[in-house]
Structure formats: C-alpha cells, structure tokens
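*Asks:* Got a structure here, written out as structure tokens. Questions coming.
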Amino acid sequence: MHKDLLPGPYPRTPEERAAAAKKYNMRVEDYQPYPDDGFGYGDYPMLPNKSAHERDPWYQWDQPDMRHNWGEPMHWDFDMYIRNRVDTSPTVVPWHTMRKHFLVFLGFMLTMFVLGEIYPSYRPVGPKQYPFNDLYLEKGGDPNKEPPVVTHYEI
C-alpha cells in the first residue's frame, strides 16, 4: 500500500493532532485517535461503534450499499459494521423481554421433547398385504394344498 493510505505515527502534540484531523477530513474537536497501546492503529481516528443500519437510508450516498461517502474515514472494523453483519441500532423490544420469551419457548420445547420421549406416539400400521393369496406359492407354499384364506381390507 502507498504510505499516504496507511496511518501515521500516534499524534503527541496538538499540532500533530490537528494535522491528523485534517488528513482524515475531520474537525479537531471530533478527532480522537485510538490509544497508543501497541496495536499499530497510529493516528487513525476512533470512530463510534455504529453499524450502517443507523445511517440515513434516504441520503444520496456515494456508495449506497455501504452508506458511505468518498473521503469519509471508515471504521477500523468496518467489515463488522456493514449492513449484512452486526446491527447496533436500538431494538424496539427490550433485551430482558426478548430473553424471557426465548427462555419460555426453550422451556416449552424441552418439555414437549421430554413428554414425547416418555409417551411415544406412532401411526397405526397393519400387516403388509400381498396379492395372489398373500404370495403363497412365492413364499414356498405347497402347490397341492389349498392356501389359507387371507382377508384384504378395502379403505
């Protein structure tokens, strides 16, 4: 990669901080770099952890599928926050309610499974019916004797 596309060193002075904010098209007040903890983020801005779902769908984006404009800095983990991944937008139903509904459903399903194991249910099955006197001769019956009477049921 070209060196202009890579993050620079961590800004230590206010002048370096202002230059890094200008490099990423941000205001100095909004620019906050990642902490200098040895992971190599350098002067890259720490953007909020918000998914693309939270961005305006009716805005005329330069990249509508990513809801991103040209020249706008991308989140360091942008591939985690695209529209077919994590959705960080607020949910309509609170988490404790969703958890309660899930546990009730899981408990019901486990109860039904246990009841099904204790009291199995099978479809009624009758003996297999064959033509020609229940295949008397094919099953090794004596051709000189009269075959037993087989009752065939009609539905």
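The values are calculated or read from the model by the stated rules, or taken from the named source; none is laboratory data. Predicted model, so just to flag it, every value in this text is computed and none were measured. Counting neighbours? That spans all protein chains shown, and the Cβs are built from the backbone with ideal geometry, glycine included. Protein only, heavy atoms only, side chains kept; ligands, DNA and RNA dropped before computing areas. Shrake-Rupley method; radii C 1.70, N 1.55, O 1.52, S 1.80 Å.
*Asks:* Output the 0 to 90 degree angle, nearest 10, between the alpha-carbon long axis of helix 14-23 and the longest principal axis computed from the alpha carbons of the chain.
*Replies:* That helix lies at roughly 50 degrees to the long axis.
*Asks:* Still on this structure, please answer the following. Leaving out same-chain residues fewer than 8 places away, which lysines sit with a Cα under 25 Å from that of Lys139?
*Replies:* Lys128
*Asks:* Moving on to the next point. On C-alpha positions alone, give me the angle between the axis of helix 95-118 and the longest principal axis of the chain, in degrees, nearest 10.
*Replies:* 20
*Asks:* Within 13 Å, Cβ to Cβ, of Ala21, how many net charges do the neighbouring residues add up to if Lys/Arg are +1 and Asp/Glu are -1?
*Replies:* Every neighbour counted, the sum reads -1.
*Asks:* Size of the dipole of the chain about the Cα centre, Lys and Arg at +1 and Asp and Glu at -1 on the beta carbon, nothing else charged, in debye to 20?
*Replies:* 260
*Asks:* Let me ask something else. At 7 Å along the Cα-to-beta-carbon direction for both Thr91 and Tyr119, put a label point, then send me their distance in nm to one decimal.
*Replies:* 3.4
*Asks:* For the chain, report the accessible area per residue in Å² (1.4 Å probe, heavy atoms, rounded to an integer).
*Replies:* 87
*Asks:* Here is a further query. At 0.36 nm per residue, and after removing the present C-alpha to C-alpha distance, how many nm does the segment from Met66 to Val28 gain when stretched out fully? Don't skip to the answer; put the middle values down first.
*Replies:* Details: separation 38, 0.36 × 38 = 13.68 nm, distance 2.56 nm.
Length gained, Met66 through Val28: 11.1 nm.
*Asks:* For the range 91-128, state which chymotrypsin sites (Phe, Trp or Tyr not before Pro) are in a DSSP loop and have at most 16 other beta carbons lying within 10 Å of their beta carbon.
*Replies:* Tyr122
*Asks:* If you roll a 1.4 Å probe over the range 67-122 with all protein chains in place, what percent of the accessible area is carbon or sulfur?
*Replies:* Taking all protein chains in place, the range 67-122 shows 69 percent carbon and sulfur surface.
*Asks:* Also, I was wondering about something else. Starting from the Cα-Cα distance between Ala18 and His2, subtract it from 0.36 nm times their residue separation and give me the gain in nm to one decimal. Each step should come with its number before you reach the end.
*Replies:* On the way: separation 16, 0.36 × 16 = 5.76 nm, distance 2.19 nm.
Length difference between fully extended and current span is 3.6 nm.
*Asks:* I would also like to ask the following. What is the set of long-range amide H partners of His68 at a cut-off below 5 Å, with H atoms built 1.01 Å from backbone N?
*Replies:* Under 5 Å from the amide H of His68 lie the amide H atoms of Asp62, Gln63, each far enough along the sequence or on another chain.
*Asks:* Now for a different question. Rg and Dmax in Å for the range 1-50, alpha carbons only: what are they?
*Replies:* In Å, with Rg to one decimal and Dmax whole: 10.5, 29.
*Asks:* Further, regarding this structure: Just to be sure I understand: if I project the alpha-carbon convex hull of the chain onto a plane and average over all orientations, what area do I get in nm²?
*Replies:* So the Cα hull casts an average projection of 24.0 nm².
*Asks:* Determine ³J(HN,Hα), in whole Hz, for all residues of the range 138-146 in sequence, where each value follows from phi through the Karplus function 6.51 cos²θ - 1.76 cosθ + 1.60 and θ = phi - 60°; x replaces Gly and Pro.
*Replies:* After applying 6.51 cos²θ - 1.76 cosθ + 1.60, I find 5, 8, x, x, 6, x, 7, 9, 6 Hz.
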